[in-house]
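The values are calculated or read from the model by the stated rules, or taken from the named source; none is laboratory data. Everything numeric in this text was worked out from a predicted model, so none of it was measured. Note: ideal-geometry Cβ built from the backbone for every residue, glycine included; neighbour counts use all protein chains shown.
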Amino acid sequence: MADDAQFQISLVTPERILLGGMATEVMLRTGEGDATFLAGHTPLVGSVQPGVVRVVRPEGEVVRIAVHGGFTQVEQDVPLDGDTVDGPTSSRVTLLVGVAELAEEIDVDRARVALEAAEGRVAELGGSAARAPVEGEEADPDLVEAEAALLRAQVRLETVDAAASAA
């Protein structure tokens, strides 16, 4: 294994590889709760919930990314990029997400406007899609979409706030 405290990280969206390289820690929300991945983590495949992904680089830099759901895979004994199977290996954390944004790429003013609009739309539609429908009643698709927009705006602002408070 190369450096026992480091592992490969790859955060991939349909448009691009948003983040790659080495890391010493990855923190995110999964379907089972908050998780921290370190080198040597048990192999895993799981869901990624909307929230802030925090990646610590070997030199100490912290990268924050707003993610809006996806999947993660943790693997062991993966050859380092470009090496053969006989060369050094490390752990690898791969995040496959539909939408992700680096904190510095988020337009804060636009996210605030989107948050206000989504809050207004949710209120206009009468509340929370999280409320369990009464038997025989279906969830209002407009309300579900309004709450999804609200969550996206909240995650963007949470990511920006986390990056600003760390600076």
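Here are some conditions: (1) modelled with pLDDT of 95 or more; (2) not in a strand (DSSP E or B). Residue 86 meets all but one. Which one does it not meet?
Failed condition: (1).
Can you tell me which residue is modelled with the lowest pLDDT among those in the stretch 131-148 that are of a type in the set (A, V, I, L, M) and surrounded by fewer than 17 Cβ atoms within 10 Å (Cβ to Cβ)? Explain how you work it out, then say what you get.
To start, the set of residues in the stretch 131-148 that are of a type in the set (A, V, I, L, M) comprises 132, 134, 139, 143-144, 146, 148.
After this cut, where a residue has to be surrounded by fewer than 17 Cβ atoms within 10 Å (Cβ to Cβ) as well, the list is 132, 134, 139, 144, 148.
Values: 132: 56, 134: 62, 139: 75, 144: 85, 148: 90.
Applying the filter and picking the extreme gives 132.
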